[in-house]
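Inspection log for the structure reproduced underneath, given as structure tokens.
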Amino acid sequence: MTEFSFELLATDGAARRGRVHTAHGAIDTPAFMPVGTAGTVKAMMPASVAATGAQIVLGNTYHLMLRPGAERVARLGGLHKFMNWPGPILTDSGGFQVMSLAKLRKMDADGVTFQSHHDGSKHRLTPESSMEIQRLLDADITMAFDECTPFPATHGQAEESMRLSMRWARRSKEAFVARDGYGLFGIVQGGVYPDLRAESAKALLEIGFEGYAVGGLAVGEGQDAMFSTLDVTTPLLPGDKPRYLMGVGRPSDIIGAVGRGIDMFDCVMPTRSGRTAQAFTRRGTVNLRNARHQDDPRPLEEDCPCPACRDHSRAYLHHLIRSEEILGPMLLTWHNIQAYQTLMAGLRSAIAEGRFTRFAAEAAALEEMGDIPPP
């Protein structure tokens, strides 16, 4: 069996090029994980996701425990077999969705009791049950159960929330069943307060995890606050373990975070945007619903290998969107995931070749230029 490990291959300033080894394969970093909330990356076949270069996907404990149920997934061979994704899978702990989606919820020192947003049925999540659900799903990377501190929060609110998450992190570690190739990540909390982030990081390092995530960002604080929080948080995390920024983000967020030492990312943005006619390109976001595309024979983006760009024109993509044909969201989702994976491959090459700063500057300049004008 493969030992869960992180291999640091190159650095360029704080930016890192690495590789995470798991039971179901390796993940080259910096890496972006497409979100497969309910056992599927929406509008995509597993082989299509892999064709973009994605090596790992994210599943969701909250959604999968409610439907179809973690025990059922386990009986059917685990999430890899269930969704036909042979590569690594990371599952989040379910805490964020309990706070944001559950109809009614009551939190106490032990965990959270909530009602399903599907049918109102009553459920409970604790650090121990979250670890067991993620084990049943067979996640290569399990996330500690935590409370995602809302924004804005006072220092006192963020402190209370962070310390609860740290108590839950210790219980998560105690409940986690260690296996070769499987890892548990702790989650740094503390809002936008440097002293709380430092206290959280110290507590997690004392517990000891296979990787460390930065949580509680991309919740409305803005890019400047996010970057300043990373500036004080990332240096506190061990250099020989992977670092994961949860729920981020836009390409400029990812590039800035990579420059601050982050290795792994996830976000619903590329898939959700694809379903709403928004396409990510190197020259910014393009809305295919706009009439200016209706006579445009050019591809969405030159040199992009995805089928939306390789096989179709902007005019056709515009037609699909306006006609509400399901192929439109499918093609734009594929393009967006491809765009993100192309960005990550570019970042990995730039770090390995010592030109990260130039890569970041060129990416920012291209985005600033905006979309190509219609013919």
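Residues checked against (1) charged (D, E, K, R); (2) touching a residue at least 60 places away in the same chain (Cβ under 8 Å); (3) touching a Gly at 6+ places or on another chain (Cβ under 8 Å):
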| residue | (1), (2), (3) |
| --- | --- |
| GLY274 | no, yes, no |
| ALA279 | no, yes, no |
| GLN294 | no, no, no |
| LEU300 | no, no, no |
| CYS304 | no, no, no |
| HIS312 | no, no, no |
| ILE321 | no, no, yes |
| GLU324 | yes, no, no |
Heads up, the strands (runs of 3 or more DSSP E) in region 1-93 (entirely inside) with at least 1 residues that are surrounded by fewer than 18 Cβ atoms within 10 Å (Cβ to Cβ), more than 15 Å from the chain's Cα centre (by Cα) and of a type in the set (Ser, Thr, Tyr) are 5-12
Members of region 146-165 found to be in contact (Cβ under 8 Å) with a residue 40 or more places away in the chain, among the hydrophobic types (A, V, I, L, M, F, W, C) and surrounded by fewer than 23 Cβ atoms within 10 Å (Cβ to Cβ), listed by number: PHE151, LEU164
May I ask you to verify whether ARG348 is under 23 Å from the mean Cα position of the chain (by Cα), of a type in the set (Lys, Arg) and in a helix (DSSP H, G or I)? yes
Specify the residue that is farthest from the chain's Cα centre (by Cα); the eligible residues are those in region 276-295 that are buried (at least 18 other Cβ atoms within 10 Å of the Cβ) and not in a strand (DSSP E or B). HIS293
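When you look at ALA139, is it over 27 Å from ASP195 (Cβ atoms), touching a strand residue (DSSP E or B) at 6+ places or on another chain (Cβ under 6 Å), small (Gly, Ala, Ser) and at pLDDT 95 or above, yes or no? Give the derivation first.
Numbers: over 27 Å from ASP195 (Cβ atoms): yes; touching a strand residue (DSSP E or B) at 6+ places or on another chain (Cβ under 6 Å): yes; small (Gly, Ala, Ser): yes; at pLDDT 95 or above: yes.
Yes: the conditions hold for ALA139.
Take LEU136 and tell me if it is touching a residue at least 60 places away in the same chain (Cβ under 8 Å), surrounded by fewer than 24 Cβ atoms within 10 Å (Cβ to Cβ), assigned to a helix (DSSP H, G or I) and at negative phi.
Answer is yes for this residue.
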Being under 30 Å from GLY13 (Cβ atoms) and over 16 Å from the mean Cα position of the chain (by Cα) is the requirement here; does GLY328 meet it? no
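The values are calculated or read from the model by the stated rules, or taken from the named source; none is laboratory data. Everything numeric here is computed off the predicted structure, so don't read it as measured data. Every residue, glycine among them, receives a Cβ derived from its backbone with ideal geometry; neighbour counts consider all protein chains shown.
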